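Written out below as structure tokens is the structure these notes cover.
Each value in this text was obtained by applying a stated rule to the coordinates, not by laboratory testing. What you see is a predicted model, and the numbers here were worked out from it, not measured in a lab. Virtual Cβ from ideal backbone geometry, glycine too; neighbours counted across all protein chains shown.
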Amino acid sequence: MGVLVNASRKRNSKDASALIRLALLIGLMASPGPAFGAWEQSYVKRGESRREGRAWVERAQCGTATHEGGRLILRTDFGSIMVKTGRSDRLDCQVRLEAYTGGAAEAQRYFRSFDLTVRRADGITYLTGKSVRERHRSLRMNAEFLIAVPARFNLDLETHAGDIDVERLEGELRAETAGGDIRAGDVTGPVKVNTEGGSIALGNVGQRLEASTAGGSIRVGSVKGSANLETSGGEIIAGQTEGEVRAQTAGGDIVLRGASGPVIAETAGGQIQIGDCGSSVSAETAGGNIRLEGARGLVKAESAGGSIDLFRLQSAVLANTAAGRILAEISANRQSFAPSHLDTAVGDVQVFLPPDLPLNIEAVIDEAAGHRISSEFPGLNIQGVREPLVFNTGTVRGRGALNGGGKALMIHTVTGNIEIRKLDSQVLDQFRRRQQLYWKALDMRQQRQMEEMIRRLERGTEEAFRRGQQEMEKQEKEMQDELRKQQNDNDDD
């Protein structure tokens, strides 16, 4: 009899302990903050693990009081990060942990090895996810951070593996991932983003921008500041920039809508398209065409193989291609023009000049077989082969002082025609219209793509938060049902 009583006591004690644990857990999940209280305190609440498909899943909630204009510094060993606009006085976070392992006990060890902390000091919120065991980092575990912050806020985010998505932000953004894409809507402050493997897509940026990726494309709207864009492999597309631009890719096209400051665009293989620029432009490609809508400063354009089209040049131009046409519209005046050089190995050269621009021209065709120099300006002295005879391979030179002479314009092709025309040419008008249609179509396409990216971003963050909340509510309900069941079993006993 005593044995039965002792066994019953042990069972009741065990059941009571289980009930207490369940009650405490449900109380933590149901409460919006810490039990004692105060909204000002930071808190972390971790739920029970359960099997979902191939993975064991644990969900956690954390948060703290904050204010408009505050800052979040997040560091995690792995996991994706999604940030949306929330309350003006709160920072709230949902964390989903996944462990890919067979047994519950091993999954629990994995979850316990992931230390999740949140604290606030000097107006800054620090959120950290750290795996205690090195071998667990991103090998058999994954994490997803869903964070809600005030609209006017500053973010400093780092993950060693995972995507980073930011809905929109009135503040500054720094985001870095060792592997994943980075996406953000409009950001009013400065932006610095870096990924070791993934694409970067940003809305409009209100101040300076630095974006770099070891492999992927970079797309950004307008930038009200300088822009430094660098990728080891992928295209670069940027809207109008109010400052200087440096765009470099090891392989891909570069499309820049324009800039008020100096522009440097370099690709190891791809096209370069640049809109109207208020300063100097340097464009270089190892293989592809170069097109420039206009520039007020020195223009340097170099292609290892492709045509070069340069419009509305108001200063010096240095253009060189190993194979392709060169078209240059020089709209400079006596004061702004500087010595210039146009050079192609294989291709025609077309130059459009103001009728009253004083300069000295020297034009040379090395192998004139079938090619010639033609000019709409009087006073150009052409020496050498004058007729385009296929069998005649001599050199043709044209020299002359236009409008009394001035700074030098050198034009050279190994094999091709050289045409020197006036700015009012109908041929030039056709080129201009074609260029305008190109930019109009590009602007419309970019606008649609940007709007769609922002819609997907906002929809994705909203759905992720809603799904996370539903999962937490479902888990809470199941725990409440389990608590009631155990209470009923104890009542029956």
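Extension gain for the segment Gln426 to Gln487, taken as residue separation times 0.36 nm less the Cα-Cα distance, is 12.8 nm to one decimal. Normalising the average separation of contacting C-alpha pairs (under 8 angstrom, six or more residues apart) by the number of residues puts the relative contact order of the chain at 8 percent. Here the Karplus relation 6.51 cos²θ - 1.76 cosθ + 1.60, evaluated at θ = phi - 60°, turns the backbone of the range 286-291 into coupling constants of 7, x, x, 7, 10, 10 Hz, with x for every Gly and Pro.
Between Leu442 and Gln335, the simple spin-label model (points 7 angstrom out along Cα→Cβ) gives 3.1 nm.
Once the Cβ-Cβ distance of Gln383 and Lys300 is raised to the sixth power relative to R0 = 35 Å, the FRET efficiency obtained is 0.70.
In sequence order, the range 221-234 has phi-based couplings of x, 6, 10, 9, x, 6, 9, 10, 10, 9, 9, 7, x, x Hz under the Karplus curve 6.51 cos²θ - 1.76 cosθ + 1.60, θ = phi - 60°, and Gly or Pro positions carry x. Close amide H pairs (under 5 Å, H built 1.01 Å from N) link Leu423 with Leu353, residues at least 5 positions away or on another chain.
Counting only DSSP beta bridges with both residues in the chain, the antiparallel share comes to about 25 percent. Counting only DSSP H runs of at least 4 residues, each contributing -39500 (n - 2.57), and dividing by the residue count of the chain, the helix-based mean residue ellipticity at 222 nm comes to -8000 deg cm²/dmol. Rounded, prolate or oblate: which one fits the range 413-452, using the alpha carbon gyration tensor with axes a ≥ b ≥ c (rounded when a/c is under 1.5, else prolate when a/b beats b/c, else oblate)? It is oblate, given that a/c is not under 1.5 and a/b is not larger than b/c. This model, with +1 at the C-beta of Lys and Arg and -1 at the C-beta of Asp and Glu, gives the range 132-273 a dipole about its Cα centre of some 160 debye. Among the trypsin sites (Lys or Arg not before Pro) found in the range 104-180, those both in a DSSP coil and sparsely packed, with 14 or fewer other Cβ atoms within 10 Å of their Cβ, are Arg133. In the structure shown, the pairs Lys300/Lys440; Lys45/Lys477; Lys300/Lys407; Lys192/Lys224; Lys45/Lys485 are assessed against 21 Å; a Cα-Cα span above that value is assigned to Lys300/Lys440; Lys45/Lys485.
Name the longest site-free stretch of the chain, where the excluded sites are GluC sites (Glu not before Pro) in a DSSP loop with no more than 14 other beta-carbon atoms within 10 Å. Counting at most 14 other Cβ atoms within 10 Å as exposed, the longest clean stretch of the chain is 69-375.
Less than 5 angstrom separates the built amide H of Gly275 from those of Leu256, Arg257, Gly258, Glu293, all sequence-distant by 5 or more or on a different chain. Is the shape of the range 216-262 best called rounded, prolate or oblate, per the rule: a/c under 1.5 gives rounded, else a/b larger than b/c gives prolate, else oblate, with a ≥ b ≥ c the square roots of the Cα gyration tensor eigenvalues? Because a/c hits 1.5 or more and a/b exceeds b/c, the range 216-262 counts as prolate. Neighbour counts of C-beta atoms inside 10 Å place Met472, Met444, Met410 in the sequence Met444, Met410, Met472, starting with the fewest. The alpha carbon gyration tensor of the range 266-381 gives principal lengths a ≥ b ≥ c with a/c of 1.5 or higher and a/b no greater than b/c, which makes the shape oblate.
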